[in-house]
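The values are calculated or read from the model by the stated rules, or taken from the named source; none is laboratory data. Fair warning: this is a prediction, and the values are worked out from it, not measured in the lab. When we count neighbours, we look across all protein chains shown, and the Cβ atoms used for this are built from the backbone with ideal geometry, even at glycine. Note: areas computed on protein heavy atoms with side chains; ligands, DNA, RNA excluded. Shrake-Rupley method; radii C 1.70, N 1.55, O 1.52, S 1.80 Å.
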Amino acid sequence: LLLTTIILSVNAFAQKQSLTEKADEAFNSKQYLIAVDLYDKAYSKVKANRQEKDRILFQKAECYRYLDDKDRAIKTYQRLVKAKYYQTQPRIYLYMADFQRFLSDWDNAEYNYKEYLKLVPDDALAKRRLESIPLAKKMMANPTKHEIKEEKNLNTEWNDWKPSWDNYRESQSISFTSSRNNTKSEDKDAWTGEYFSGIYEAAKLKNGVFGEANEIAMGGINTEANEGELVKITNNGTTHYYFSRCNVKKNLQINCAIYSSAIEPEKKRGAKQSTTNKKDNKKDNKSSKEDEAAQWVMLDLGDTAYNYFHPAVTTDELTIYFSSNRPGGEGDYDIWKATRNSVNEPFGNVTNLGKQINTEGKEEFPVLRDNNRMYYSSDGLKGIGGYDIFMTKLEGGEWSEPVNMGYPINTQYDEIGIIYNYNEDESIAAEESGYFSSNREGGTGGYDIYSFYRAPMYFTLTGEVRDDKSMQVIPGARVKLIGDDNTQIEARTNSEGIYSFNKEQIKYNVN
């Protein structure tokens, strides 16, 4: 009887341990939906061990944080503060303040940032986020002239994000990433609880509104893994594709990599192209799928233990920018670049863009408007919310200080992946429009695609001419407007001594 009791006790103990271990295993594999449920069950079974209960509660809060469940995360962090778990994990103050800032709960966010900095006074990221609070209030009180509209035809109840032009100069059709239900698999991602993401495309109708979105027609891109962030480059009649793929395997960590069209060896002069007959072209479904898979290759950008995604490629395809958590960066995820001398060879010379671009936080979703202007999202630079969109220019081989795009393009939520409609006049007074994605309130799903529009800015000039002694108005006086662009425009005052120059005569950026 004693031996039986001991065996039962050991088995019961093992079951408790295995439940917690399973939760930790799921968490480490980024399967947060599974992990949070297992932690919940494990928490109720741990009775006397206060330290382990607090650890499990912290892990639950972390699951909510990664799932972007702000309300549950904040409530769980507050429970941990009452339990004084900040003595073990000071970052509960930081994470709670981050979510409170996203919800415009500025006062509590400021308080919790300060509490965290009392415990970790040298954290530069926390200092920057604390300093962001007055900056965010200022930007929201002084919005830019952009008008924002949700593109309801493109959005679903799921996540829809990262638009990209099929052809920038035409600006008529886009591709984007979506976790909507698709034809590949009914399975859902244990990380997000959504269907595995795929790449979709949609074209503008005659009325300028996007039509129905469909999975991209190129075979072998969308699979049962997560795909997204497609970039399409066409040169000399040849089109190459670049996209992210995150392979999810049971009980293993997610690995993300960038894939591209297979590299074609450079053809030698005078070499004859091989020909195939009709018999050779008859293939079964299996070989056809193998061919589709073979046309996409994983780029070798470093140790595959780390993640590589969000490609941005120059028009000559000799430089690729991407986000990665590989070692040697400034923080969590950084913007990196790799180069090559020819499109017929692999990328190499992987380098970090440095402290001017990257922070201790996350920098992701780089987008090139041209080869020398990059837009990307950061949660480490001073801004309004989580991910804000910033712009930087490549000048003399160096990237300029990133500029926040301001409110209402950026909000206290997350904004990622901005593109612009093609416009030859890109001055800050010109008409401006494009698309980006955001998980702000009021949308159809999680992340949604929005359009933005800024009306052109016009200037006029009106004045009065008087005699400097008598102060009487002078009709018919000749007034000359001279610009530093070597233009001269002349006007005459009317009977009341008034002259004027209209919006066609006054040009922006001319002194």
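For the stretch 390-511, the solvent-accessible area with a 1.4 angstrom probe is 56 square angstrom per residue.
Out of the total accessible area of the chain (probe 1.4 Å, heavy atoms of protein only), what percent is carbon and sulfur?
Result for the chain: 48 percent of the exposed heavy-atom area is carbon or sulfur.
Cysteines in the chain lacking any other cysteine Cβ under 4.7 Å from their own Cβ: Cys63.
Quick one: if the Förster radius is 45 Å, what FRET efficiency do Ser173 and Lys127 give, using the C-beta to C-beta distance and rounding to 0.05?
On the way: r = 44 Å, r/R0 = 0.98.
After rounding, the FRET efficiency stands at 0.55.
Note on Glu186 and Asn511: the model spin-label points, each 7 Å out from Cα along the C-beta direction, lie 7.0 nm apart.
Considered as an equivalent ellipsoid built on the Cα gyration tensor, the stretch 19-176 has semi-axes of 35, 25, 12 Å, the largest given first. Ordered from highest to lowest accessible area with the whole protein assembly present and a 1.4 Å probe, Glu110, Glu317, Glu131 read as Glu131, Glu110, Glu317.
Restricting to Cα pairs below 8 Å that are 6+ residues apart, what does the relative contact order work out to for the stretch 366-511? Please round to a whole percent.
On the way: 277 pairs, mean separation 21.3, N = 146.
Computed over the stretch 366-511, the figure is 15 percent.
Accessible area ranking (1.4 Å probe, heavy atoms, ligands and nucleic acids excluded), largest first, for Cys246, Cys63: Cys246, Cys63. Using a ≥ b ≥ c from the Cα gyration tensor of the stretch 138-208 (square roots of the eigenvalues), is it rounded, prolate or oblate, where a/c under 1.5 gives rounded and otherwise the larger of a/b and b/c decides, a/b for prolate? Because a/c hits 1.5 or more and a/b fails to exceed b/c, the stretch 138-208 counts as oblate. FRET efficiency for the pair Glu52 and Val120, taken as 1/(1 + (r/R0)^6) with r the Cβ-Cβ distance and R0 = 30 Å, rounds to 0.80. Could you work out the percent of alpha carbon pairs in the stretch 399-511 separated by over 22 Å, rounded to a whole number? Cα-Cα pairs of the stretch 399-511 separated by over 22 Å account for 57 percent. Once the Cα-Cα distance is subtracted from the 0.36 nm per residue extended length, the Asp485 to Asp40 segment shows a gain of 153.2 nm.
Per-residue ellipticity at 222 nm computed for the chain from its helices equals -8000 deg cm²/dmol, with DSSP H segments shorter than 4 residues left out and the rest contributing -39,500 (n - 2.57).
Under the shape rule built on the C-alpha gyration tensor, where the axes satisfy a ≥ b ≥ c, the stretch 17-76 is oblate, since a/c reaches at least 1.5 while a/b does not exceed b/c. Using θ = phi - 60° in the Karplus curve 6.51 cos²θ - 1.76 cosθ + 1.60, the 3J(HN,Hα) couplings for the stretch 377-382 round to 10, 9, 10, x, 6, 5 Hz; x is entered for Gly and Pro.
Ignoring ligands, DNA and RNA, what accessible area per residue does the stretch 79-217 give at 1.4 Å, in Å²? Display every interim value, and only then the final one.
Working: 7270 Å² over 139 residues.
On a per-residue basis, the stretch 79-217 sits at 52 Å².
Stretching Tyr111 away from Thr339 to a fully extended chain increases their span by 77.6 nm, per 0.36 nm per residue minus the current alpha-carbon distance. Label sites at Ser104 and Asn349, each approximated as a point 7 angstrom past Cα along Cα to Cβ, lie 4.8 nm apart. Just so you know, the Rg over Rh for the chain is 1.08, from Cα atoms, with Rh as the Kirkwood radius.
Heavy-atom accessible area, probed at 1.4 angstrom with all protein chains present, ranks Tyr387, Tyr200 as Tyr387, Tyr200, highest first. Label positions at Gln472 and Thr238, each projected 7 Å from the Cα along the C-beta direction, are separated by 8.0 nm. A simple rule links phi to the HN-Hα coupling: the Karplus curve 6.51 cos²θ - 1.76 cosθ + 1.60 with θ = phi - 60°, which for the stretch 342-359 gives 8, 6, 8, 9, x, 6, x, 6, 6, 9, 7, 6, x, 5, 5, 9, 9, 10 Hz, with x for Gly and Pro. Karplus-derived 3J(HN,Hα) values for the stretch 395-405, using 6.51 cos²θ - 1.76 cosθ + 1.60 with θ = phi - 60°, are 10, x, x, 10, 7, 6, 4, x, 10, 5, 6 Hz; glycine and proline are entered as x.
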